[in-house]
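Working notes for the structure below.
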Amino acid sequence: MDQFTLDEVVAFAKRRGFVYPSAEIYGGLANSYDFGPMGALLLKSLRALWWKKMVYSRTDVLPLEAGIISHADVWKASGHVSSFADAMIDCKECHTRMRADHLIEDFFVAHPPADGSEVKVEGKSTDEFSAMIAEHHILCPKCGKFSWTEVRKFNLLFPVKMGILEGEQSLAYLRGETAQGMFYLFKSVLDSVRVRLPFGLAQMGKSFRNEITKGNFIFRTLEFEQAEIEYFFNPKTHDWKALFEDWQKRMNSFVVDDLGVNADRVRWREHSEEERSFYSLRTVDLEYNFPFGFKEVWGLAYRTDYDLNAQMKHSGADLRYMDPYTNEKFVPHVIEPAVGVTRLFLVLLCDALKKMDDGRVIFALPKTLAPYRVAVFPLLSNKEELVKKAREVYDSLSQDMMVAWDDRGNIGKRYLSQDEIGTPSCVTVDFQTLEDNTVTVRDRDTTTQIRISIDELKGAV
Ligand code: GAP
């Protein structure tokens, strides 16, 4: 099955109420998007599935919900204030701003080195980027001129000013990742909840980064949603490699088995030593083959005891764990699976949107994720007895699942409309229903229809 192009995905997402350009009536806001009714429903089920599979089905992972506006010191301690930055460059001619690494990468995709060697940009300094751009005389992709500023660092954190405080004290940051909440709240959790290593803290919510993006739709946005787990353990009693592999399997299974993503479009990429943060002993990315190539969706990193140590040093608080058997006090190590919920959403759009041989477009989402599990139609909207019966069916099903209602236009058009938003089954109440209490159930993927009793409907959809 062919993948849709990114332009087709963007147009579909807007046309069917999944994703809109942000504040479009004002001309939109750069690299920002809003989610429409279908998008909101899909996001809700995606979030619920992650909570269920990664947190609530385990006895050793607990949820957290830290604030979005966070203390400036959290981000000083974590290193984000000093080094959470992209290398950017501006074209002096047309004023286009871009990431220097993206500029160089794109250049070498279009002009691969004659000797077949691979050009690496990871871990390079701003001076090295400037030198590469000069050496290969890389032109501005927008205006074709060679008129660059110096490459310089651009911090990604969003500072906010708090009105109730004066001066330096008023500075806070919108969180740049959900992960830090798990570290600065570590002591509060130890003091208030009966937890024993190994255990995980999980968080899902908005993060903010002042990104300079390539414009790949919702792949990289300023405001996005993350779902992260910090899995704490004692490195003396637990083998980090086994824990790491276990998380890797769970991530893979979530994407391939639970989201139903085509396994051929998923791969794992090991971070090289230059690319890896200095404190990480191993990092791998689960990547998806988007219409713009393989890109990171879900990162898995063994971050050792770096983050807890950093918050401990900066705050002066004791973030050590005391082993209840040996009374040994130590800083736990951590493995971190970190995913973007909005990026998983884009994976679903790119993977499950299908052009069928019969000309239909279907959003082949798993039942558990589809915005609506089922749609209910009265065959004719002007026949009161059909509408009344269909309402009864709707009311009964909607006690247990999300149900769409449609009584406009002909049945064929209603089916096509539900296919596009991913509704797995459509139930039609017709004249026979009034006689024998049966309805037709039509399947999104095969278009086959069966007739079943209303009493059996809940178990069948
Ligand atoms: N705590 C580690 C961390 O935040 P990251 O690789 O920067 O690691 C984790 O982010 C995940 O969050 C990424 O794999 C990606 O799915 C998502 N993500 C990061 N930046 C994003 C952005 N600007 N827009 C959308 N998703 C983003």
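Residues that are open to solvent by 70 Å² or more (accessible area, probe 1.4 Å) and not aliphatic (A, V, I, L, M) within the stretch 102-122 comprise Asp106, His111, Pro112, Asp115, Glu118, Lys120, listed in sequence order. Of all residues in the stretch 346-366, those being more than 15 Å from Asn262 (Cβ to Cβ), out of contact with any strand residue (DSSP E or B) (no Cβ under 8 Å at 6 or more places or on another chain) and either free of Cβ contacts under 8 Å to residues at least 60 places away in the same chain or open to solvent by less than 30 Å² (accessible area, probe 1.4 Å) (or both) number 3.
Against the test of being at pLDDT below 95 and open to solvent by 20 Å² or more (accessible area, probe 1.4 Å), the options Arg269, Arg276 yield a single qualifying residue, Arg276. Picking from residues in the stretch 416-447 that are closer than 17 Å to Gly359 by Cβ and in a helix (DSSP H, G or I), the one that is most open to solvent (accessible area, probe 1.4 Å) is Leu416.
Residues in the stretch 101-123 that are in contact with a strand residue (DSSP E or B) (Cβ under 7 Å, 6 or more places away or on another chain) and within 16 Å of Glu274 (Cβ to Cβ): Asp101 alone. In this entry, Ser78 is excluded by the filter for residues that are assigned by TED's automatic domain parsing to the domain that holds Met312 and in contact (Cβ under 8 Å) with a residue 12 or more places away in the chain.
Of the residues Ala317, Ala404, Ala390, Ala370, which is in a loop (DSSP other than H, G, I, E, B), among the aliphatic types (A, V, I, L, M) and either open to solvent by less than 10 Å² (accessible area, probe 1.4 Å) or over 30 Å from Phe278 (Cα atoms) (or both)? Quick ask: steps written out before the conclusion?
Working: Ala317 fails: either open to solvent by less than 10 Å² (accessible area, probe 1.4 Å) or over 30 Å from Phe278 (Cα atoms) (or both); Ala404 fails: in a loop (DSSP other than H, G, I, E, B); Ala390 fails: in a loop (DSSP other than H, G, I, E, B).
The unique qualifying residue is Ala370.
Could you check how many residues of the stretch 200-244 are without any contact (Cβ under 8 Å) to a residue 40 or more places away in the chain, closer than 25 Å to Trp51 by Cα and acidic (Asp, Glu)? Looking only at that region, the number is 0. Open to solvent by less than 50 Å² (accessible area, probe 1.4 Å), of a type in the set (D, E, K, R) and in contact with a strand residue (DSSP E or B) (Cβ under 9 Å, 6 or more places away or on another chain) - does that describe any residue in the stretch 127-143? There is no residue in the stretch 127-143 that is open to solvent by less than 50 Å² (accessible area, probe 1.4 Å), of a type in the set (D, E, K, R) and in contact with a strand residue (DSSP E or B) (Cβ under 9 Å, 6 or more places away or on another chain). Scanning the stretch 165-223 for residues that are within 16 Å of the ligand (Cβ to nearest atom), part of a helix (DSSP H, G or I) and more than 14 Å from Leu308 (Cβ to Cβ) yields Phe217, Ile218, Phe219.
Would you pick out the residues in the stretch 373-387 that are open to solvent by less than 10 Å² (accessible area, probe 1.4 Å) and of a type in the set (Gly, Ala, Ser)? Let's see the steps before the verdict.
Pass one, the stretch 373-387, residues open to solvent by less than 10 Å² (accessible area, probe 1.4 Å): 374-378, 386.
Within the stretch 373-387, just Ala375 meets the criteria.
In the stretch 333-367, which residue that is more than 13 Å from the ligand (Cβ to nearest atom), of a type in the set (D, E, K, R) and in a strand (DSSP E or B) is farthest from Pro291 (Cα to Cα)? Checked the stretch 333-367; the qualifying residue farthest from Pro291 (Cα to Cα) is Lys355.
Taken over the stretch 95-129, the residue count meeting the criterion of being farther than 22 Å from Phe292 by Cα, at pLDDT 90 or above and touching a helix residue (DSSP H, G or I) at 6+ places or on another chain (Cβ under 8 Å) is 2.
Only helices (runs of 4 or more DSSP H) wholly contained in the stretch 1-83 count here; list those with 3 or more residues that are open to solvent by 40 Å² or more (accessible area, probe 1.4 Å) and at pLDDT 95 or above. It would help to see each step written out before you state the result.
Numbers: elements: 6-15, 37-50, 72-78, 80-83.
It comes to 6-15, 37-50.
Here is a yes/no grid of residues against (1) within 14 Å of the ligand (Cβ to nearest atom); (2) closer than 18 Å to Pro337 by Cα:
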| residue | (1), (2) |
| --- | --- |
| Val266 | yes, yes |
| Leu281 | no, yes |
| Val297 | yes, yes |
| Leu300 | yes, yes |
| Asp305 | no, yes |
| Ala317 | no, no |
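Among the residues of the stretch 178-211, those identified as in contact with a helix residue (DSSP H, G or I) (Cβ under 8 Å, 6 or more places away or on another chain) and open to solvent by 10 Å² or more (accessible area, probe 1.4 Å) are Tyr184, Val195, Pro198, Met204.
The values are calculated or read from the model by the stated rules, or taken from the named source; none is laboratory data. Note that this is a predicted model, so its numbers are computed, not measured. Cβ coordinates were reconstructed from backbone atoms using ideal geometry, including for glycine residues, and neighbour counts include every protein chain displayed. All accessible areas refer to the heavy atoms of the entire protein, side chains included, with ligands and DNA or RNA removed. Shrake-Rupley method; radii C 1.70, N 1.55, O 1.52, S 1.80 Å.
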